[in-house]
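Only the coordinates and a few stated rules stand behind these numbers; no lab work does. Since this is a predicted model, take the numbers as computed values, not measurements. Every residue, glycine as well, gets a Cβ built from its backbone with ideal geometry; the counts of neighbours run over all protein chains shown.
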Amino acid sequence: MKFGKGCHLHLIDGSAFIFRAYHALPPLTRRSDGLPIGAVAGFCNMLHRYVTDNSGPDAPTHAAVIFDKGSHTFRNDLYDLYKANRDAMPEDLRPQIPLTRTATEAFNIACEELEGFEADDIIATLACQARELGGRVTIISSDKDLMQLVGGGVEMLDAMKNTVIDVEGVEARFGVSPERVVDVQALAGDSVDNVPGAPGIGVKTAALLINEYGDLETLLDRAEEIKQPKRRQTLIEMRAQIELSKKLVQLDCNTPVDFTLDDLEVREYDPDVLLPFLAEMEFRTLSRRIAEHLNVEPPVISDAPIGDDSATPDAPDFDQATHDHISDAAGLQTWIDLIHHRGYVAVDTETTGLDEMTADLVGISLCVEPGHACYIPLRHKASAGSDLFASDELAEGQMPVDEALAMLKPVFEDPAVIKIGQNMKFDAKILARNGINVAPIDDTMLLSYAMHAGLHGHGMDALSERYLGHTPIPIKPLLGSGKSAITFDKVPVADAVRYASEDADITLRLWQAFKPNLHRAQVTTVYETLERPLVPVLAQMEMHGIKVDRDTLSRMSSAFAQKMAALEAEIHELAGETFNVGSPKQLGEILFDKLSLPGGKRGKAGAYTTSVTVLEELATEHDLPGRVLDWRALSKLKSTYTDALQTHINPETGRVHTSYSIAGANTGRLASTDPNLQNIPVRSEEGRRIREAFIAAPGNVLVSLDYSQIELRILAHMADIDELKQAFADGLDIHALTASEMFNVPMDEMTPDIRRQAKAINFGVIYGISGFGLARNLRIPRAEAQGFIDRYFERFPGIRAYMDKTKAFAKEHEFVQTLFGRKIHTPEINAKGPRAAFAYRAAINAPIQGTAADVIRRAMIRMPDAIEGLPAKMLLQVHDELLFEVAEDAVDEVVARARDVMESAPDPAVHLDVKLTVEAGQGPNWAAAH
DNA sequence: GACATCACG
DNA sequence: GACGTACGTGATGTCC
């Protein structure tokens, strides 16, 4: 039906529905897997009631649910504090938002949103259009910001109170007619949306003024006439702020919607769509109610919580498991139906290699219940028989890749289906390169990491062994090793089905074993806010990569090679014979046997130690050790950096794509591998020049933002040290302050050497200080170092108290925690002997290092939204630094937003007594940006 | 594959 | 009370 006179449009404020549903219900979770689902349940109940209430004679002819999209709108461009005082969305609500869209579609109601616009603006646009065409409009919302739209056939309906808000209602609320509501709001401001308005003027006064002068513009033009001096002054002085406020509250009736009112015609819902959705969500009461209403059988919803202890014994042994080989669309469709019915699926991708940026997808395995898995081979090569050369022909029994991916894409992207993987970042990147953005996800590796960090590794083999008592089929016999190793596409399909299916089966069983325990271990929030959301963020960073200039590296390599050759000749001359300078064993024999230099300590393998500290000592005795040190420095730079980095430049992108391991470091830090971009030289002048090879694309610059002294700030907060907190608040040099306190030297008489010693002590504290360690670091007698430590604890007794408290906690619980609740297990803390001393120092360090790691993780997770729409990409993380590639003209904006995200990263979960500060730099390359 | 060494925070 | 020792990582080359 064409929209026009006699038509009636309903516009439902989706966000209002969601928040009302969220707060009205307790935090319900889906029984089978613990997915938070309360808001979706409430939302569906509200939609259902809406549909039943609106089927009578006054039923709407057109209807739509309107949602907000994106956190940044044109109002933020006008005023950066707009809605800035809003609390962040609750963590358990976030994953439910896409499900409310799906729910709306399942009820077959039009569901509209527009990037960069608030729902209110879309509602305004549609209401204006409908009014022009002579139709009636009912806005289902009680939001006062929408009241400006009332009149001329437009009404509002407060669905909760079931009251209609018409022109009289608006006048009662604002004291003016609807078209003047924006004027009143502009003056009165709004604390909820953080609209400033005019200070000291509320709704009552505003209405009075508007009614007297007619409208806001006239009022402001004639402000001089106002009798009350204070009011007059405010209106004159705050004119700009008031006019800005009006722009903020004025809804936009011209949003560029890409649909028409005709598209919103009311449609009956399809029970075959709605009931399966409700079944997936496991809404028992609602699906029964709707089924009864429709006079059909209600869907069957299993009562068994997965991962329940009672469910585990039912799982068949691995050798009894069924492995389906999927070779056609019909077979795959059966599995897709199974997945939709379940609402979750374990996924594993098989590829030609471990480098996600170059590896090709070979096949996909799926599992929906223990013991029942399948493998979809896609790119296996035909066996070439006795021919030595591999065949390019595809093996039999494979469906076309494109067809399989097209069928799987909707499932893998379906917000109502959880995709479970072991190290999902790998699979997500492979799938992303095949056009599939897998979401939402769960990751067994990260579940284990959240629960077991410090207890053991989190690789699949170790987890399967430990928690399932099953040794997975090893990959080695299938691929071979060394020169004769083959890639997975050459593995016979029958073998691949067994191997790959089992991996998905194991993953699903691990998930069922872990998921219910997450809550018991009280690390649900850690997993949901610090682990899982990081996966897509890191995947994006890794896929984007950083541009590295091969020529720069290559020139440096040649220069290093020349210098090394010269040094090598000198070294051989000094030694009186040629030997391998790179061999510590041979070097040791030259130094201590042939030249009989003093020292000559042996390491645990019985060879002489020739480390930097040893060689530096010897450098006073002989010329040779110094030359070796120079040679080693160059050798390190050449082999690890200027040579190796070149091999990591991706030929397709011309960029280097590292891989971050999320569950590698026990403390919560990330680790970077293949290549490690977290240890690119910076401390030596010569090494730092390697960073000149890391460059921005044309028209861009690299921008580096790093936390200043984050670990010491966290220590000051956690140990609650007033002097340190005050020093950070005052922006003092923290090492100089420590030195001043300890050695009674006034700050303005500080010498670099005293400050250096204090700095070493500050770091020592973070590391779980010992007299021996500090002595070695400062190269002072052990007794003197111990004296420093004693004095430090005398001066800062709170630090000693914190360390004692941490140690006692660790001994009692065998774990320590970060401020955000991350647990780091310290099983050896109660061991006998030196291992306990190690565990003790690690226990002191872990909460500090781990809290800093949590902070930057939170910043990284929020960053994509914060810089959305700007020409900027987050490229690298180096523990306390984030590196971005930014279009030249957007640098200031990106720095402002990224800094804000980083500095406020602990909020609202944790309030630090010490503020975090971030330093920024920019330049054409990483050396210049840092 | 163990070990020594050294790059980073 | 003795034990060894600063915390957390990854990559490379040598040598077996």
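Measuring from label point to label point, each 7 Å out along Cα→Cβ, what is the A:Leu25 to A:Asp643 span in nm?
6.2 nm
Between A:Val273 and A:His622, what is the spin-label point distance in nm, taking each point 7 Å from the Cα along the Cα→C-beta axis?
The two pseudo-label positions are separated by 8.3 nm.
Once you put a point 7 Å from the Cα of A:Arg232 and another 7 Å from the Cα of A:Lys563, both along the Cβ direction, what distance in nm separates them?
My value for the distance between the label points is 7.6 nm.
Using 0.36 nm per residue, how much length does the chain from A:His456 to A:Glu396 gain when fully extended, once their Cα-Cα distance is taken away?
Net length gain for the segment: 17.4 nm.
Assigning unit charges at the beta carbon (Lys, Arg +1; Asp, Glu -1) and nothing else, what dipole magnitude in debye, to the nearest 20, does the range A:160-287 show about its Cα centre?
1140 debye
Would you calculate, for chain A, the mean residue ellipticity at 222 nm contributed by helices, counting each DSSP H stretch of 4 or more residues as -39,500 (n - 2.57) and dividing by all residues, to the nearest 500?
-13500 deg cm²/dmol
Could you tell me the extents of the range A:162-252's C-alpha atoms along the three principal axes, largest first, rounded to whole Å?
So the three principal-axis extents are 44, 25, 22 Å.
For the range A:547-656, what does the alpha-carbon gyration tensor say about shape, rounded, prolate or oblate, given a ≥ b ≥ c as the root eigenvalues, a/c under 1.5 as rounded, and a/b over b/c as prolate?
prolate
Aspartates and glutamates within cross-link reach of A:Lys594: Cα-Cα under 16 Å, excluding same-chain residues under 8 positions apart?
Correct list for A:Lys594: A:Glu573, A:Glu577, A:Glu621, A:Asp623.
Could you grab the relative contact order for the range A:547-656? Cα pairs under 8 Å, six or more apart, rounded to a whole percent.
38 percent
Could you sort out which of A:Lys419/A:Lys515; A:Lys805/A:Lys832; A:Lys636/A:Lys873; A:Lys5/A:Lys161 sit more than 25 Å apart by Cα distance in this structure?
Exceeds cut-off: A:Lys636/A:Lys873; A:Lys5/A:Lys161.
Picking from A:Phe884, A:Leu637, A:Val701, whose Cα lies most toward the positive end of the charge dipole for chain A (charges on Cβ: Lys, Arg +1; Asp, Glu -1)?
Highest projection toward the positive end goes to A:Leu637.
Taking the Cα centre as origin and putting +1 on Lys and Arg beta-carbons and -1 on Asp and Glu beta-carbons, what dipole magnitude results for chain A, to the nearest 20 debye?
3020 debye
Where does helix A:14-24 land angle-wise versus the long Cα axis of chain A, in degrees 0 to 90, nearest 10?
Compared with the principal axis, the helix lies near 80 degrees.
Rounded to the nearest 10 degrees, what's the angle between the helix A:38-53 long axis and the longest principal axis of chain A, both from Cα atoms, 0 to 90?
Rounded to the nearest ten degrees, it is 20.
Over chain A, what relative contact order in percent results from Cα pairs under 8 Å that are six or more residues apart?
That works out to 9 percent.
Compute the Cα gyration tensor for the range A:8-264, then decide on rounded, prolate or oblate, letting a ≥ b ≥ c be the square roots of its eigenvalues: rounded whenever a/c is under 1.5, prolate when a/b is larger than b/c in the other cases, and oblate in all that remain.
prolate
Expressed in nm to one decimal, what extension gain is obtained for the pair A:Ala88 and A:Asn254 from 0.36 nm per residue of sequence separation less their Cα-Cα distance?
Once the chain is fully extended between A:Ala88 and A:Asn254, it gains 56.9 nm.
Evaluate the relative contact order of the range A:71-168 (contact order divided by residue number), counting alpha-carbon pairs under 8 angstrom at least 6 apart; express in whole percent.
17 percent
Could you name the lysines whose alpha carbon sits less than 21 Å from that of A:Lys604, not counting residues in the same chain fewer than 8 places away?
A:Lys585
So for the range A:126-237, taking the charge dipole from beta-carbon charges (+1 Lys/Arg, -1 Asp/Glu), which of A:Met156, A:Ala207, A:Ile140 sits furthest toward the positive end?
Among A:Met156, A:Ala207, A:Ile140, the one farthest towards the positive end of the dipole of the range A:126-237 is A:Ala207.
Taking the alpha carbon gyration tensor of chain A, what are the square roots of 5 times its eigenvalues, largest first, to the nearest whole Å?
55, 41, 27
Could you line up A:Glu617, A:Glu132, A:Glu652 from fewest to most neighbouring Cβ atoms inside 10 Å?
The order, fewest Cβ neighbours first, is A:Glu652, A:Glu132, A:Glu617.
Taking the Cα centre of chain A as the origin and placing charges on Cβ (Lys, Arg +1; Asp, Glu -1), which of A:Gly771, A:Thr104, A:Ala462 is farthest toward the positive end of the dipole?
It is A:Gly771, whose Cα lies furthest towards the positive end.
Show me the ranking of peptides A:321-334, A:866-879 by mean Cβ neighbours inside 10 Å, starting with the highest.
Most protected by this proxy first, the peptides run A:866-879, A:321-334.
Take the alpha-carbon centre of the range A:875-930, take the same for the range A:694-757, and report the distance between them in whole Å.
Computed from Cα coordinates, the inter-centre distance equals 17 Å.
Looking at chain A, which Cys residues are left with no other cysteine's beta carbon under 4.7 Å from theirs?
A:Cys7, A:Cys44, A:Cys111, A:Cys367, A:Cys374
Calculate how steeply helix A:239-249 sits against the longest principal axis of the alpha-carbon atoms of chain A, using the helix alpha-carbon long axis, and give the answer as 0 to 90 degrees to the nearest 10.
For A:239-249 against chain A, the angle is about 80 degrees.
Is the range A:720-847 best put as rounded, prolate or oblate by its Cα gyration tensor, with a ≥ b ≥ c the root eigenvalues, rounded for a/c under 1.5, and otherwise prolate when a/b is larger than b/c, oblate when not?
Here the range A:720-847 falls in the oblate category.
Aspartates and glutamates within cross-link reach of A:Lys409: Cα-Cα under 14 Å, excluding same-chain residues under 8 positions apart?
Answer for A:Lys409, where 14 Å is the Cα cut-off: A:Asp337, A:Asp427, listed by chain and number.
Can you give me the C-alpha center-to-center distance between the range A:785-823 and the range A:558-632, rounded to a whole angstrom?
41 Å
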